[in-house]
Amino acid sequence: MTTSRIAVIKGDGIGPEVIDEGLRVLQAIDARAGLGLTFEALDLGAERYLRDGTTMPAETMQRLRTEFDAVYLGALGDPRVPSNVHAKDILLGSRFALDLYINLRPIRLLHDRYSILKDKGCEHVDMMVFRENTEGLYTGIGGQFKRDTDDEIAIEQEINTRKGVERIIRAAFAYARANKRKSVCMSDKANAMRHGHDLWQRVWKLVAAEYPEIKTFHLYVDVLCMEMVRTPERFDVIVTNNLFGDIVTDLGAALQGGLGMAASGNIFPGRVSLFEPVHGSAPDIAGKGIANPLAAMLSAGMMLEHLGHAEWELRLREAVKACLRDGKTTRELGGDLGTRQVTDALLERLF
């Protein structure tokens with residue numbers, strides 16, 4: 001039997017609460033289906049940093065690279081670490097060190113009740129966003145000169161490479177073809193950022209020509225945001241850069257019922273990849289047993305698909321939909337259940 005080794009980083013705040021529930025579901029699936037899943041919890045996060053200053057040791061990163069098939073990550077962030085240095089080193093460090101160039105964000109409304117748009121329902125909000133995850137403005141290249149003076153200068157540089165741009169665009173088109181999606185929209189700001197985003201324009205047109213059966217169109221990112229609200233049904237697959245992808249996917253989260261419903265994958269196809277709910281660590285509600293675990297469940301489903309168990313991703317998503325349909329949710333979604341009770345309800349509908 002093939003086994004899959006999963007590293008678990010539970011995170012901060014509500015992170016451990018929702019990740020523990022996700023693990024409960026994954027272990028139940030494994031017990032039922034014999035998927036060969038094994039889990040190892042890694043001692044990383046704010047508590048570790050406050051204890052001994054450790055963020056992400058080089059030897060741990062090497063273990064992730066060579067010993068594991070996936071990483072299941074909880075939210076990071078703790079008010080006792082105002083710099084959030086541990087979060088940066090763990091999450092951004094993993095993205096860069098493991099070359100997780102695809103940030104994959106499904107934007108699916110799973111029940112009409114949670115639509116914030118008039119006359120729009122599940123059939124209108126169903127898109128997949130491919131965000132370039134290792135370049136752009138999030139590389140930290142730049143500097144400050146004459147800091148804390150009236151003459152201070154701060155420079156942030158955007159990095160776009162031909163390799164980086166081409167592989168994320170190819171990933172978006174390959175997904176569209178494999179999943180019979182009808183269109184791919186590329187979004188940039190080439191009218192204002194003439195050098196880096198001209199590269200996006202040229203590569204997008206070259207790759208699009210290889211997929212003649214797929215409709216392709218381009219929108220500047222400000223227009224994209226407007227159209228996602230006005231006519232979300234226009235979109236099947238969206239591909240964009242790191243900064244814009246970060247912004248439009250949080251807009252997308254609002255369209256699908258809030259951050260408590262937003263799952264994500266940080267992916268290199270065929271290699272170790274990282275899966276996380278994208279909500280914050282919410283320290284104000286940590287330990288109260290009221291955090292919404294559904295984004296952690298949906299992220300676990302994405303991880304199962306990455307590991308070759310697509311049928312369980314679909315079954316898990318359908319179980320989440322059933323919980324939403326039956327009102328078996330936490331309070332912010334209109335229910336009255338606690339974190340663990342939501343998982344109980346989901347497990348009843350999963351098997």
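The values are calculated or read from the model by the stated rules, or taken from the named source; none is laboratory data. Remember, predicted model here, so these are calculated numbers, not experimental data. FYI the Cβ positions are ideal-geometry reconstructions off the backbone, even for glycines, and counts take in every protein chain you see.
Here are a few things to note about the model shown:
- Checking G136, G140 one by one, the residue that is within 20 Å of L100 (Cα to Cα), loosely packed, with under 13 Cβ neighbours inside 10 Å and among the small types (G, A, S) is G140 and no other.
- Sole exception among (1) at pLDDT 95 or above; (2) in the same structural domain as G245 (by TED's automatic domain parsing); (3) farther than 26 Å from L307 by Cα for T139, by number: (1)
- Qualifying residue in segment 268-289 (condition: closer than 23 Å to K120 by Cβ, part of a loop (DSSP other than H, G, I, E, B), among the β-branched types (V, I, T) and at pLDDT 95 or above): no
- Of the strands (runs of 3 or more DSSP E) lying entirely inside segment 144-230, those containing at least 3 residues that are over 22 Å from M127 (Cβ atoms) are 153-156.
- From the list L35, L76, L44, L50, the one residue that fits, being over 22 Å from the mean Cα position of the chain (by Cα), assigned by TED's automatic domain parsing to the domain that holds Q341, modelled with pLDDT of 95 or more and assigned to a loop (DSSP other than H, G, I, E, B), is L35.
- Unique residue being in contact (Cβ under 8 Å) with a residue 24 or more places away in the chain, in a helix (DSSP H, G or I), crowded, with 18+ Cβ neighbours inside 10 Å and in the same structural domain as P277 (by TED's automatic domain parsing) when the list is I19, I6: I19
- Contact annotation: residue pairs with Cβ atoms under 6 Å, 6 or more positions apart or on different chains, pairing a residue in segment 257-268 that is at positive phi with a partner that is of a type outside the set (A, V, I, L, M) and surrounded by fewer than 22 Cβ atoms within 10 Å (Cβ to Cβ), are G257/Y114.
- Complete set of residues in segment 114-143 that are in a strand (DSSP E or B) and within 30 Å of L324 (Cα to Cα): D126, M127, M128, V129, F130, R131
- Residue selection: V81 fails the criterion of being in the same structural domain as P283 (by TED's automatic domain parsing), surrounded by fewer than 16 Cβ atoms within 10 Å (Cβ to Cβ) and of a type in the set (A, V, I, L, M, F, W, C).
- Any hit, segment 98-113, residues being outside the structural domain of R325 (by TED's automatic domain parsing) and in a helix (DSSP H, G or I): yes
- Taking the listed residues A190, A178, A209, the one that is of a type in the set (A, V, I, L, M), within 21 Å of N133 (Cα to Cα) and in the same structural domain as V248 (by TED's automatic domain parsing) is A190, with no other qualifying.
- Every residue from segment 60-73 that is in a strand (DSSP E or B) and aromatic (F, W, Y): Y72
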